[in-house]
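Enquirer: If you scroll down you'll find the structure; I have some questions about it.
Read-outs: derived from the displayed coordinates by stated rules, not from any lab. Keep in mind that this is a model prediction, so the values were computed, not measured. Cβ placement follows ideal geometry from the backbone for every residue including glycine, while neighbour counts extend to all protein chains displayed.
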Amino acid sequence: MVIWITGLSASGKTTLGKAVYDAWKAREQNTVFVDGDHIRKIFQHDKKNESYTMEERRKNADRICDLCAWLDSQGINVVCCILSLFEESRKWNRENYSKYFEVFIDVPMDVLMKREIKGLYKAAKAGELKNVVGVDIPFAKPANSDFVLDNSADNVDFKKVAAEILTKAQSR
């Protein structure tokens, strides 16, 4: 099974993903954590601004979808945290993974700008950085997520949400 956690930068994908991974791994050892930023680094797809164009984002998304499919085909549970910009990728996931559970973390842009520590949104709004999703690259909220988390507050209990996600995902 693949649990796919998506949302804009600074929405809490990695924090939630690690909580889901920790809870799942405690029950089933054949569980791995895949983070979009880590995959970019592994493939050295994070070195240039050109790596963040729509074409290059598509390449990275396809790599991650294929990696998760490969792991899933071997009976390995996957928690994947990725911006997941492309609806076609999410549709492909539903059609190609043994089981797929999609989580969307919804956070308003004003909250994201206050939270994010990389400075992406601020730099993009100032015109210093291009190809930032949510600023100059539009982000359409996923239409068919299995679970939506409103993470606009600062007091979300990620362990509790992770347990809820696992219960719902495994009961499908």
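Enquirer: Quote to one decimal, in nm, the extra length available between Glu164 and Asn96 on full extension: 0.36 nm per residue of separation minus the C-alpha distance between them.
Expert: Here the answer is 22.1 nm.
Enquirer: Rounded to the nearest 0.05, what FRET efficiency do Arg172 and Trp70 have when you use their Cβ-Cβ distance and R0 = 25 Å?
Expert: 0.70
Enquirer: Also, I was wondering about something else. Along Cα→Cβ, 7 Å out, is where each label goes; now give me the distance between the ones at Asn155 and Glu87 in nm to one decimal.
Expert: That separation, rounded to one decimal, is 3.7 nm.
Enquirer: So what J values fall out for the stretch 121-129 if you push phi through Karplus, 6.51 cos²θ - 1.76 cosθ + 1.60 with θ = phi - 60°, rounded to Hz, Gly and Pro as x?
Expert: Values per residue, Gly and Pro as x: 5, 4, 5, 5, 5, 7, x, 8, 9 Hz.
Enquirer: In straight Cα distance, which lysines are under 25 Å from Lys168, not counting same-chain residues fewer than 8 positions off?
Expert: Lys13, Lys18, Lys25, Lys91, Lys99, Lys141, Lys159, Lys160
Enquirer: Also: Students often get this wrong, so try it: which of (1) 9.5; (2) 15.9; (3) 13.4 is mean projected area of the Cα convex hull in nm² as calculated from the structure shown?
Expert: (1)
Enquirer: Hand me the trypsin sites (Lys or Arg not before Pro) from the stretch 104-145 located in a DSSP loop with no more than 14 other Cβ atoms within 10 Å, in residue order please.
Expert: Lys118, Lys130
Enquirer: Follow-up. Please list the non-local residues whose amide H lies under 5 Å from the amide H of Cys81, H modeled 1.01 Å from N, same-chain partners needing a gap of 5 or more.
Expert: Amide H to amide H, under 5 Å and 5 or more residues apart or across chains, Cys81 pairs with Ile5, Val34, Asp35, Gly36.
Enquirer: Now, a different point. By how many degrees, between 0 and 90 and to the nearest 10, does the Cα long axis of helix 158-170 differ from the longest principal axis of the chain?
Expert: Long axis of 158-170 versus the principal axis of the chain: about 60 degrees.
Enquirer: If Lys and Arg each add +1 and Asp and Glu each add -1, what is the summed charge of the other residues whose beta carbon sits under 13 Å from the beta carbon of Pro142?
Expert: After counting each charged neighbour, the total is 0.
Enquirer: In sequence order, what are the phi-derived ³J(HN,Hα) couplings for the stretch 18-35 according to the Karplus relation 6.51 cos²θ - 1.76 cosθ + 1.60 with θ = phi - 60°, rounded to whole Hz, with x for glycine and proline?
Expert: 5, 5, 5, 4, 4, 5, 6, 5, 5, 9, 9, 5, 7, 10, 10, 10, 10, 10
Enquirer: Okay, moving on. About its Cα centre, how strong a charge dipole does the chain have in debye, to the nearest 20, once Lys and Arg get +1 and Asp and Glu get -1 at the Cβ?
Expert: The calculated dipole for the chain is roughly 220 debye.
Enquirer: Still on this structure, please answer the following. Apply the Karplus parameterisation 6.51 cos²θ - 1.76 cosθ + 1.60, with θ equal to phi minus 60°, to every residue of the stretch 76-86 and state each ³J(HN,Hα) to the nearest whole Hz, in sequence, with x for glycine and proline.
Expert: 9, 6, 10, 10, 10, 10, 8, 4, 6, 6, 9
Enquirer: Something else now. Starting from 0.36 nm per residue, how many nanometres of slack lie between Val111 and Ala26 once their C-alpha separation is accounted for?
Expert: Extra length from Val111 to Ala26 when fully extended: 27.4 nm.
Enquirer: Of Arg94, Arg27, how do they rank once you tally other Cβ atoms within 10 Å and put the fewest first?
Expert: Going from sparsest to densest Cβ surroundings: Arg27, Arg94.
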